[in-house]
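Peer 1: Have a look at the structure that comes next, please.
The values are calculated or read from the model by the stated rules, or taken from the named source; none is laboratory data. Keep in mind it's a predicted model, so treat the numbers as computed, not measured. Here the Cβ positions follow ideal geometry from the backbone for every residue, glycine too, while neighbour counts run over all protein chains shown. Please note that ligands, DNA and RNA were not included when accessible areas were found on the heavy atoms of the full protein model with its side chains. Shrake-Rupley method; radii C 1.70, N 1.55, O 1.52, S 1.80 Å.
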Amino acid sequence: MRELHVTNTLTRTKERFEPLHEGRVGMYVCGPTVYGPPHLGHAKSYVAFDVVRRYLRHLGYQVRYVQNITDVGHLTDDADAGDDKLAKQARLERREPMEIAEHYTYLFFRDMDALGVERPDISPRATGHIPEQIAMIGRLIEKNHAYVAGGNVYFDVSSDPDYGKLSGRTLDEAEAGTRVESATDKRHPADFALWKAADDSHIMKWNSPWGVGYPGWHIECSAMSTKYLGNQFDIHGGGLENQFPHHECEIAQTECATGHAFVKYWLHNNMVTLNGQKMGKSLGNAISLEQFFTGNHPLLTRAWKPEVIRFFLLQSHYRGTTDFSEEALAAAEAGMRSLHELMKRLETAVPGADAPSSADFLPALKAQVEAAMNDDFNTAKAIAVLFEQLKALRQQMQQAVPAEIDAIRAYVRSIADGVLGIWPTDSDADASPKLEAAMALILELRAKARAAKDWPASDLIRDRLKTAGITVEDGPAGTTWKSD
């Protein structure tokens, strides 16, 4: 089998994947800041890394997947200025910040469950790991990589000669992109906050050696990832927009605190766009997943099932931009239905007593699917391979079901269900129970006509159904139907 290769943002190359410990993979993905409902951009990231985790398991690795919840410290301005996003939302909704955190954490997991995204093995919260963050900040101060200024603690980027190695930004470029006026107690504009002093009006605050305050956004991921995965681990994932400053700062503070290389492979998913512009809550153009599921948004003409959203996202590479339109969703829905019909046909196929062998089919299918997935998790190509190969198999089964059908069915299910998460479910059935019952009766009457060799009646039923948008197919395994 061809070896897995991944695109490593840190080295800017596609590399063969070799975990630090044979047979085991440690994986951390930046989770949501829970101050608003999840939207399509969130879905792209977490569906993508859900497939990464699933495929690694498919290859036989034991995966520990950690994905945090940011419930404190993420400010409205990445230059360490503005309000805490949760505190700001709490004022708008007239609730406690932890009420905001609980409410939107619930919505996040509810909607990820609907999309078929498996839960993380560990889902740590920033507020639950304040001691670990304080301890890491203390080590940075001891090693002269951080300094205290007026109750705030900042990381001194000039103390780290490797700062900028992920994003490719020099220190001068980082400083040029930082608002100097945002924090006048910094030694350098590019220095970033590890700990922020809190006044009496700030609800979410803790005691520390530097006074009452709360942690910066970047330090939480360093503290939580190393707590559960060790000082060095295999994969760190997240959105491309987090490459700088968030992930850059994570690398700097973690490596300076531990003295070890931090992450071996950095994987970044690209964004979802609407008319070429990034879709996101901060830009005011986000459509929440709940709005997609209900159709309750001005830009939507109908509701879209979660499985359609997942299929739509997997039809583009995780590192590519996904441009949203309802036309694209409709095309994905049609493609998903066609693939599901092929899978349902596969599920009901039964070989006859003298079933012919098709020994070459399964090895060829495996080789093509895994070549796609081993090439940096190319889900779009893997789905295309499944569609083309199952379509060819259906044509073959019009004549005879191959003897190896059980092995073929098991492998297709392991990929479509176990890895991609696109196996047909009861919720995506086209027909209502009443239509199912009606079709069962119609096909029973047609079967009696065929048994009596009343071919005109049999053909009339088939043709009338076709004009109504229902296709009937006869094969060795029996008669099946689908709604066009």
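Peer 1: Among the lysines, select those whose C-alpha is under 16 Å from the C-alpha of Lys381, and discard any that sit fewer than 8 residues away in the same chain.
Peer 2: By straight Cα distance, Lys381 reaches Lys366, Lys391.
Peer 1: Using θ = phi - 60° and the Karplus curve 6.51 cos²θ - 1.76 cosθ + 1.60, what whole-Hz ³J(HN,Hα) does each residue of segment 4-10 get, with Gly and Pro shown as x?
Peer 2: Residue by residue, segment 4-10 yields 6, 10, 10, 8, 9, 4, 5 Hz.
Peer 1: Starting from the residue with the highest accessible area, list Arg125, Arg310, Arg64, Arg394 in decreasing order, probe 1.4 Å.
Peer 2: Largest to smallest exposure gives the sequence Arg64, Arg125, Arg394, Arg310.
Peer 1: Please state the charge dipole magnitude for segment 364-471, taken about the Cα centre, from unit charges on C-beta atoms (+1 on K and R, -1 on D and E), reported in debye and rounded to the nearest 20.
Peer 2: On the way: 14 positive and 15 negative charges, 118 e Å.
Using Cβ point charges on Lys, Arg, Asp and Glu, segment 364-471 gives about 560 debye.
Peer 1: Could you tell me what percent of the DSSP beta bridges with both partners in the chain are antiparallel, to the nearest 5? It would help to have the intermediate numbers written out before the result.
Peer 2: Working: 27 of 49 bridges.
Bridges in the chain are about 55 percent antiparallel.
Peer 1: With a 1.4 Å probe and all protein chains left in place, how much of the accessible area of the chain comes from carbon and sulfur atoms, in whole percent? Could you put the intermediate results ahead of the total?
Peer 2: Working: 10510 of 21010 Å².
The value for the chain is 50 percent carbon and sulfur by accessible area.
Peer 1: Mind grabbing the accessible area of Thr467 for me, 1.4 Å probe, Å², rounded to tens?
Peer 2: Surface accessible to solvent at Thr467 totals approximately 120 Å².
Peer 1: Rounded to the nearest 20 debye, what is the charge dipole size of the chain about its Cα centre when +1 sits on each Lys and Arg Cβ and -1 on each Asp and Glu Cβ?
Peer 2: Approximately 1060 debye in magnitude.
Peer 1: Evaluate the distance, in nm, between pseudo-label points positioned 7 Å from the Cα of Thr479 and of Lys366 along their respective Cα→Cβ axes.
Peer 2: So the two model labels end up 3.8 nm from each other.
Peer 1: Another question, if that's okay. Where in segment 382-416 is the amide nitrogen less than 13 Å from a point lying 7 Å along the Cα-to-Cβ axis of Ser357?
Peer 2: Answer for segment 382-416: 403-404.
Peer 1: Please give the peptides 416-423, 117-124 ranked by average Cβ packing (other Cβ atoms within 10 Å per residue), highest first, as a rough proxy for protection.
Peer 2: Working: 416-423: 20.2, 117-124: 17.6.
Result, highest mean first: 416-423, 117-124.
Peer 1: To continue, here is another question. Taking 7 Å along the Cα-to-C-beta vector as the label spot, tell me the Lys227-Lys391 distance in nanometres, rounded to one decimal.
Peer 2: 5.1 nm
Peer 1: Okay, next question. Considering the Cα positions of segment 177-332, please state its Rg to one decimal place and its Dmax as a whole number of Å.
Peer 2: Answer for segment 177-332, Rg first and Dmax second: 20.0, 57 Å.
Peer 1: Now a separate question. Residue farthest toward the positive end of the dipole of segment 332-462, with Cβ of Lys/Arg at +1 and Asp/Glu at -1: which of Ala416, Leu346, Ala382?
Peer 2: Leu346
Peer 1: Roughly how many nanometres apart are two label points built 7 Å out from the Cα toward the Cβ at Lys344 and Ala407?
Peer 2: 2.9 nm
Peer 1: Quote the FRET efficiency, to the nearest 0.05, computed for Ala149 versus Arg110 with a Förster distance R0 of 45 Å and r equal to the Cβ-Cβ distance. Don't skip to the end; give the middle numbers.
Peer 2: On the way: r = 42 Å, r/R0 = 0.93.
Efficiency computed from Cβ-Cβ geometry: 0.60.
Peer 1: In segment 248-267, whose amide N lies under 12 Å from the spot 7 Å out along Cα-to-Cβ of Arg139? List them in ranges.
Peer 2: Once the point is set 7 Å along Cα→Cβ of Arg139, 253-262 turn out to lie under 12 Å by backbone N, inside segment 248-267.
Peer 1: Report the one residue of Val25, Val401, Tyr214 whose Cα lies farthest in the direction of the positive end of the charge dipole of the chain (charges on C-beta: Lys and Arg +1, Asp and Glu -1; origin at the Cα centre).
Peer 2: Going by the charge dipole, the pick is Val401.
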